[in-house]
Amino acid sequence: KVFFMEKKKIGIIGLGIGSFYITAISNIKSAVVTAICDTDVALLEKVAKENSITKTYTDYRDLLREGDVDAVCICTPDHFHCQMVKDALAAGKHILCEKPLALHTNECAEMLEASKRSDRILMVGQVCRFTPSFMLAKKLVDSGMIGELYFVESEYAHDYSQMVNNWRRDPANMRHPVTGGGCHAVDLLRWIAGNPIEVYALTNKKCLTDWPCDDSAISVLKFPNNVMGKVYVSTGCKRDYTMRTVLYGTKGTIIT
């Protein structure tokens, strides 16, 4: 006998980075993108044509109500996440939300509470936990191969000045480098070394001088078991994107 599993229908809200989601989901046999949403009509029509998607919306609430999807990927600017997540949960949809989950802790709390009241899954796109090299690094650390951890470091360096649509610089909805990008590096080290118990940080602004927030930050962290750590974040750096990470153990070192 041959059994066919019905593909889960996915909606994409926000077609900036959301366009990359469509490509990724096309490689998953159990899922298919059937509905998309963006306020940019030209972009919406272009993506729909390129991917043979017939259900298109300029209002995400219409997609939630009429799109007939099992789950949505919320790929909009950060300040829209909170309301969109709560609306999607209320509509009975599973959710993958881009990082950062929100810009303020009270919004994160609202979203988590809404998730607890629902029987739907809410997941944030902390992709480092699913990156093969980082998964292998954690496996090696957990196995004891490099001995006892004593120092860990990671960095998020990304030149935001090269981005075409810089909503990130809007003073009303400012994305701080640590919140918007550095959360990848912080989450990665939390996953490997545990939640930090002490943090000290410094920031400055030397590159994106016309932006409303500092563009560079360094933090020193103390993790459980007296493990030291460092996270460097820059959104004005003049270099290729990197998330270089180094894990120091008493028997070896992992660089990835």
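Look through region 21-32, keep the residues that are among the polar types (S, T, N, Q) and touching a strand residue (DSSP E or B) at 6+ places or on another chain (Cβ under 8 Å), and return whichever of them is least open to solvent (accessible area, probe 1.4 Å).
SER30
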key: Test: ALA35 is touching a helix residue (DSSP H, G or I) at 6+ places or on another chain (Cβ under 8 Å) and either surrounded by 12 or more Cβ atoms within 10 Å (Cβ to Cβ) or under 16 Å from GLU98 (Cα atoms) (or both)   = yes
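If I go through region 132-167 residue by residue, how many of them are at pLDDT below 95, over 23 Å from VAL199 (Cβ atoms) and open to solvent by 40 Å² or more (accessible area, probe 1.4 Å)? Let's see the steps before the verdict.
Initial filter on region 132-167 (at pLDDT below 95): 158-167.
Keeping just the survivors that are over 23 Å from VAL199 (Cβ atoms) gives 159-167.
So of that shortlist, the ones also open to solvent by 40 Å² or more (accessible area, probe 1.4 Å) come out as 161-165, 167.
Going through region 132-167 one residue at a time, the tally reaches 6.
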query = Of the residues THR256, THR209, which single one is polar (S, T, N, Q), over 11 Å from PHE151 (Cα atoms) and touching a residue at least 12 places away in the same chain (Cβ under 8 Å)?
reply = THR256
Region 198-256, residues that are loosely packed, with under 15 Cβ neighbours inside 10 Å, under 22 Å from GLN126 (Cβ atoms) and hydrophobic (A, V, I, L, M, F, W, C) = VAL199, ALA201, ILE255
inquiry  = Scan region 67-78 and tell me whether some residue there is over 21 Å from HIS184 (Cβ atoms), open to solvent by 20 Å² or more (accessible area, probe 1.4 Å) and either of a type in the set (S, T, N, Q) or without any contact (Cβ under 8 Å) to a residue 40 or more places away in the chain (or both).
reply    = no
ask   = Taking region 47-58 as the region of interest, how many residues are open to solvent by 20 Å² or more (accessible area, probe 1.4 Å) and touching a helix residue (DSSP H, G or I) at 6+ places or on another chain (Cβ under 9 Å)?
value = 7
ask   = When GLU110 is evaluated against the numbered criteria (1) more than 23 Å from CYS75 (Cα to Cα); (2) in contact with a helix residue (DSSP H, G or I) (Cβ under 9 Å, 6 or more places away or on another chain), which criterion, by number, is the only one it fails?
value = (1)
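The values are calculated or read from the model by the stated rules, or taken from the named source; none is laboratory data. All values reported here derive from a predicted model rather than from experimental measurement. Note: ideal-geometry Cβ built from the backbone for every residue, glycine included; neighbour counts use all protein chains shown. Heavy atoms of the whole protein, side chains included, go into the accessibility calculation; ligands, DNA and RNA do not. Shrake-Rupley method; radii C 1.70, N 1.55, O 1.52, S 1.80 Å.
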